[in-house]
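**Q** I'd like to ask you about the structure that follows.
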Amino acid sequence: LQALISWITSQLQSSASSSLSLVTPTLTALMTCPEARTMFANSGGIGYLSRHLRNGTKGSKTGSGATVQQLYELCFCLWTLTYECNSSAMIRTAFVRDHAVHALVDLVSSAPREKVVRVALSALRSLAQCNAEASPSPSSDSKKEVTGATFLSEMIGCGLIKYVDQMKERQWTDPDIVDDLNVLHKLLHENFKEMSTWDVYLAEVQSGSLEWGFLHTEKFFKENAKKFEGTNGDFSVVKTLVALTASNDEEVQSIACYDIGEFVRHYPNGRVIARSLGAKDIVMRLVDHSNEELQRHALTAVSKMMVSNWAAVH
């Protein structure tokens, strides 16, 4: 069994869709066995599935991605692996580390066939309801324990609330989809109520799925500028924003530029900190970008980094 799983993971390391058609039918059959699921997860399987799912979803929008059947099989395998979350801290951690929630939410938002949506929602529901009671993390820090609440925050950061709200308005023939939507709707909205505006912003930045809205306004930055220091004073959120300026999504790049500029404006000595993190040089490269919107936000952000009294200029 281990030899077969090793061969499957070696095939999944390739980004070619031809390797997918070779292994996903076999993997789908194997994933019904708990022992095989654990072996596959230990071999980095969750990361391989998540990457192929993301690439397949992106490609399907342009006609170059995975087939509907391949998306279904990838998603089915991820869903079966969620059954091991309650009994394995390692598998819960892998789902977070490998951005599986992001891949599943992207899939749901791209609205493929109903059978794919059903298994993606089932996987998200299973993650949202998992707990650490039977298998606590070896780490003594209970705050870092990965549970359903961790995954719900990720889902909120990826914008799943909006998609679930929209999907609840549709007529579904599959009762499982209706049931999963109702459960996710309840859990997401309950979790959202308990989150502060800063928590929601943090979840969105960590997910990499930035969208224009109340989190990306002057008012938000005025009220939350000090929180960008982070609990360790390492400005990790600003570092993530700098990294997001290299995203493949031009809207995400634009919002990251805007946020960096607003941080610089509202945080004392923000200009020095942003420059020390390399923000100025990285954003400067986007000033000549072919996308005019991105070009404008990059230019504005660089200007804020160079001008000490932006309000007076503006």
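The values are calculated or read from the model by the stated rules, or taken from the named source; none is laboratory data. These numbers come from a predicted model, not from an experiment. For neighbour counting, all protein chains shown are included, and Cβ atoms are generated from backbone atoms with ideal geometry for every residue, glycine included. Remember, those area values only see protein heavy atoms, side chains included, never the ligands or the DNA or RNA. Shrake-Rupley method; radii C 1.70, N 1.55, O 1.52, S 1.80 Å.
Matching residues to (1) of a type in the set (S, T, N, Q); (2) over 23 Å from SER196 (Cβ atoms):
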| site | (1), (2) |
| --- | --- |
| ARG113 | no, yes |
| ARG118 | no, yes |
| ALA128 | no, no |
| PRO138 | no, yes |
| THR150 | yes, no |
| MET155 | no, no |
| TYR163 | no, no |
| GLN166 | yes, yes |
| ARG170 | no, yes |
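Residue by residue, here is whether (1) out of contact with any Pro (no Cβ under 8 Å at 6 or more places or on another chain); (2) open to solvent by less than 40 Å² (accessible area, probe 1.4 Å); (3) at pLDDT 90 or above holds:
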position	(1), (2), (3)
CYS130	yes, yes, yes
SER140	yes, no, no
VAL146	yes, yes, no
VAL164	yes, yes, yes
MET167	yes, yes, yes
PRO175	yes, no, yes
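**Q** I'm trying to understand the selection: among the residues of segment 285-308, which are open to solvent by 50 Å² or more (accessible area, probe 1.4 Å), modelled with pLDDT of 90 or more and part of a helix (DSSP H, G or I)?
**A** Result: GLU292, GLU293, GLN295, ARG296, LEU299.
**Q** Let me ask another. Give the number of residues within segment 13-41 that are among the hydrophobic types (A, V, I, L, M, F, W, C) and within 21 Å of GLU84 (Cα to Cα). Even if it seems obvious, please write down each step before you answer.
**A** Of all residues in segment 13-41, those among the hydrophobic types (A, V, I, L, M, F, W, C) come to 16, 20, 22-23, 27, 29-31, 33, 36, 39-41.
From what is left, the residues that are within 21 Å of GLU84 (Cα to Cα) are 27, 29-31, 33, 36, 39-41.
Counting residues in segment 13-41 that are among the hydrophobic types (A, V, I, L, M, F, W, C) and within 21 Å of GLU84 (Cα to Cα) gives 9.
**Q** Anything in segment 243-265 that is under 16 Å from GLY278 (Cβ atoms) and either surrounded by 21 or more Cβ atoms within 10 Å (Cβ to Cβ) or touching a Pro at 6+ places or on another chain (Cβ under 6 Å) (or both)? List them, or say none.
**A** Of everything in segment 243-265, those that are under 16 Å from GLY278 (Cβ atoms) and either surrounded by 21 or more Cβ atoms within 10 Å (Cβ to Cβ) or touching a Pro at 6+ places or on another chain (Cβ under 6 Å) (or both) turn out to be THR245, GLN253, ALA256, CYS257, ASP259, ILE260, GLY261, PHE263, VAL264.
**Q** I've got another one for you. In segment 26-47, is there at least one residue being at pLDDT 90 or above, polar (S, T, N, Q) and crowded, with 19+ Cβ neighbours inside 10 Å? Walk me through it before giving the result.
**A** Residues of segment 26-47 that are at pLDDT 90 or above, as a first pass: 26-47.
Keeping just the survivors that are polar (S, T, N, Q) gives 26, 28, 32, 38, 42-43.
Subset that is crowded, with 19+ Cβ neighbours inside 10 Å: none.
No: segment 26-47 contains no residue that is at pLDDT 90 or above, polar (S, T, N, Q) and crowded, with 19+ Cβ neighbours inside 10 Å.
**Q** Now, a different point. Run LEU202 past the list (1) at pLDDT 90 or above; (2) under 30 Å from GLY261 (Cα atoms); (3) surrounded by fewer than 18 Cβ atoms within 10 Å (Cβ to Cβ); (4) among the aliphatic types (A, V, I, L, M) and report the number of the one that doesn't hold.
**A** With respect to (1) at pLDDT 90 or above; (2) under 30 Å from GLY261 (Cα atoms); (3) surrounded by fewer than 18 Cβ atoms within 10 Å (Cβ to Cβ); (4) among the aliphatic types (A, V, I, L, M), LEU202 is out only on (3).
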